[in-house]
Amino acid sequence: MLGKLFKFLFIIAILGFAALVGFAYVGPEIGIDFAPDRQEIRMPVTLQGQ
């Protein structure tokens with residue numbers, strides 16, 4: 001019984017990974033953009049020392 005459960009969970013994990021990889025490849029083709037919004041951030045930095 002426990003062996004069947006582990007086998008089932010292993011198969012679900014493999015199918016989930018395959019679905020995630022497939023979605024990553026197909027996503028841009030169907031209009032889903034995974035790239036983050038780019039913006040420049042400037043912050044003044046004061047260094048202590050000399």
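Every number here is computed from the coordinates shown, using simple stated rules; none is lab data. Owing to the predicted nature of the structure, the values given are computational and were not obtained by experimental measurement. Every residue, glycine among them, receives a Cβ derived from its backbone with ideal geometry; neighbour counts consider all protein chains shown.
Selection among Gly27, Phe8, Ile41 by position relative to the dipole of the chain gives Phe8 as farthest towards the positive end (Cβ unit charges, Cα centre).
For the chain, a simple Cβ point-charge model (Lys and Arg +1, Asp and Glu -1, everything else neutral) yields a dipole of about 340 debye relative to the Cα centre. In nm, what is the difference between 0.36 nm times the number of residues separating Tyr25 and Ala13 and their Cα-Cα distance? Length gained, Tyr25 through Ala13: 2.5 nm. Based on alpha-carbon atoms, the Kirkwood radius and the radius of gyration of the chain give Rg/Rh equal to 1.45.
The simple Förster model, with R0 at 25 Å and r as the Cβ-Cβ distance, assigns Leu2 and Ile32 a FRET efficiency of 0.05.
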